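*Asks:* Take this structure, written in structure tokens, and hold onto it; I'll ask about it next.
Readers should treat all values here as calculations from the given coordinates under stated rules, not as data from a laboratory. These figures come from a predicted structure and were not determined experimentally. Every residue, glycine among them, receives a Cβ derived from its backbone with ideal geometry; neighbour counts consider all protein chains shown.
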Amino acid sequence: MQNQPITDHNSTDSPILVLGASGKTGRRVVAGLAARNLPIRTVSRPAFDWQLPATWPAALAGCRAAYIAFAPDLAVPGAIATMAAFTQAAARAGLQHLVLLSGRGEPEAEACEDLVRRAGPAWTILRASWFMQNFSEAFLADAIKAGNVALPIGGVREPFIDADDIAAVAVTALSDPARHAGQLYELTGPALLSFAEAAAQIGAALGRPVNYEQVPAEAYFAGMADYGLAPDYIALVRYLFTTVLDGRNAHLADGVQRALGRAPVGIDAYARQAAAAGAWD
Ligand SMILES: NC(=O)c1ccc[n+]([C@@H]2O[C@H](COP(=O)([O-])OP(=O)(O)OC[C@H]3O[C@@H](n4cnc5c(N)ncnc54)[C@H](OP(=O)(O)O)[C@@H]3O)[C@@H](O)[C@H]2O)c1
């Protein structure tokens, strides 16, 4: 669906813009909106680039609403200024509803939430905890495959959430703005789990053991540098692992229940589905 840089699906009539449409949540939002036969616009680089504001007006033109998944993270330097300019551009373009994917426990993300709230269009905030899909569609997938997850994270517990639930809330909000406008949904899974417990549950679903090992933080980050990863990326990972994962998010929230009228999906069901889909083959 995302072969073209700016693509309208179903109809060109006042589409819903999905940013990050090839990402973990965006592609699920696209699928959910398409299932409801809603008009969708997907954009990809170079036609839309967060770093190039000149690319934004063409993407926004004529849209009724937007799902905003910022990349790489609302906590990176410059994200707040970018979000300030983008929300103003969206308001100028006449969008009526902005749905922001935000991160739990990040003050910088909360500053971006405020910008969305103040921009003018109706807003819905999805403040999400750690995605379960980090284990299957992101940097931890290879570790799960290898049966050994090594991170500089101790026993802190996180209420991992299924990206399917995040997308379901986004699709519901975008489908019924009147009901979901002005709502902040704090989205968590149904259980608090340490990373060791999460790895063990994924292993149980896979039918083979997945070991968890806590490694020293400085050695871990030095290893990332030796591997050639960019300093900006290492700084973001350090912030997420050491600051955000300090226990501040070790409590459950009711956003999924409030938005969807059902409980969030647990890691066992997620892991069984991901395993059946071949995520770790
Ligand atoms: N992972 C978590 O546990 C977690 C938890 C809470 C909140 N979040 C938030 O989730 C957001 C990321 O959403 P996601 O996980 O659904 O996406 P993702 O899987 O990280 O994919 C990133 C998406 O953004 C696009 N993108 C990357 N750089 C871009 C740029 N410079 N300009 C325009 N588009 C760009 C990518 O397109 P290409 O195909 O071109 O690369 C891709 O569609 C971040 O804001 C993060 O803070 C994540």
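*Asks:* Which one of Gly203, Gly189, Gly247 is touching a residue at least 24 places away in the same chain (Cβ under 8 Å) and either β-branched (Val, Ile, Thr) or on the phi > 0 side of the Ramachandran plot (or both)?
*Replies:* Working: Gly203 fails: either β-branched (Val, Ile, Thr) or on the phi > 0 side of the Ramachandran plot (or both); Gly189 fails: either β-branched (Val, Ile, Thr) or on the phi > 0 side of the Ramachandran plot (or both).
Going through Gly203, Gly189, Gly247 in turn, the sole match is Gly247.
*Asks:* Shifting gears a bit: Do you know which of the residues in the range 65-93 that are within 14 Å of the ligand (Cβ to nearest atom) and part of a strand (DSSP E or B) is surrounded by the most Cβ atoms within 10 Å (Cβ to Cβ)?
*Replies:* Among those that are within 14 Å of the ligand (Cβ to nearest atom) and part of a strand (DSSP E or B), it is Tyr67.
*Asks:* Can I ask one more? Restrict the check to the range 219-241 and report whether at least one residue is under 21 Å from the mean Cα position of the chain (by Cα), touching a residue at least 24 places away in the same chain (Cβ under 8 Å), closer than 18 Å to Leu192 by Cβ and surrounded by 14 or more Cβ atoms within 10 Å (Cβ to Cβ).
*Replies:* Yes, because at least one residue in the range 219-241 is under 21 Å from the mean Cα position of the chain (by Cα), touching a residue at least 24 places away in the same chain (Cβ under 8 Å), closer than 18 Å to Leu192 by Cβ and surrounded by 14 or more Cβ atoms within 10 Å (Cβ to Cβ).
*Asks:* Moving on to the next point. Could you list, ordered by first residue, the pairs with Cβ atoms under 6 Å in which the first is in the range 88-107 and of a type in the set (D, E, K, R) and the second is assigned to a strand (DSSP E or B) and within 13 Å of the ligand (Cβ to nearest atom), at least 6 apart or interchain?
*Replies:* Arg104/Arg127
*Asks:* Now, a different point. Taking the range 191-218, which residues are β-branched (Val, Ile, Thr) and in contact with a helix residue (DSSP H, G or I) (Cβ under 7 Å, 6 or more places away or on another chain)?
*Replies:* Here is the first cut: in the range 191-218, the residues β-branched (Val, Ile, Thr) are 202, 210, 215.
Selection gives Ile202, Val210.
*Asks:* List, please: which pairs have Cβ atoms under 8 Å, are six or more places apart or on different chains, and start with a residue in the range 11-24 that is touching a residue at least 60 places away in the same chain (Cβ under 8 Å) and end with one that is more than 16 Å from the ligand (Cβ to nearest atom) and of a type in the set (A, V, I, L, M)?
*Replies:* Ile16/Leu38; Ile16/Ala65; Leu17/Ala65; Leu17/Leu95
*Asks:* Only one of these is crowded, with 21+ Cβ neighbours inside 10 Å, among the hydrophobic types (A, V, I, L, M, F, W, C) and within 14 Å of Ser129 (Cβ to Cβ): Leu192, Leu187. Name it.
*Replies:* Leu187
*Asks:* Which of the residues spanning the range 13-50 are over 18 Å from Asp162 (Cα atoms), within 8 Å of the ligand (Cβ to nearest atom) and in a loop (DSSP other than H, G, I, E, B)?
*Replies:* Result: Leu19, Ser44, Arg45, Phe48, Trp50.
*Asks:* Run Asp8 past the list (1) more than 23 Å from Ala163 (Cβ to Cβ); (2) away from the ligand (no atom under 14 Å from the Cβ); (3) surrounded by fewer than 16 Cβ atoms within 10 Å (Cβ to Cβ) and report the number of the one that doesn't hold.
*Replies:* Exception for Asp8: condition (3).
*Asks:* Just need a number here: residues in the range 94-134 that are more than 10 Å from the ligand (Cβ to nearest atom), of a type outside the set (Val, Ile, Thr) and in a helix (DSSP H, G or I).
*Replies:* 8
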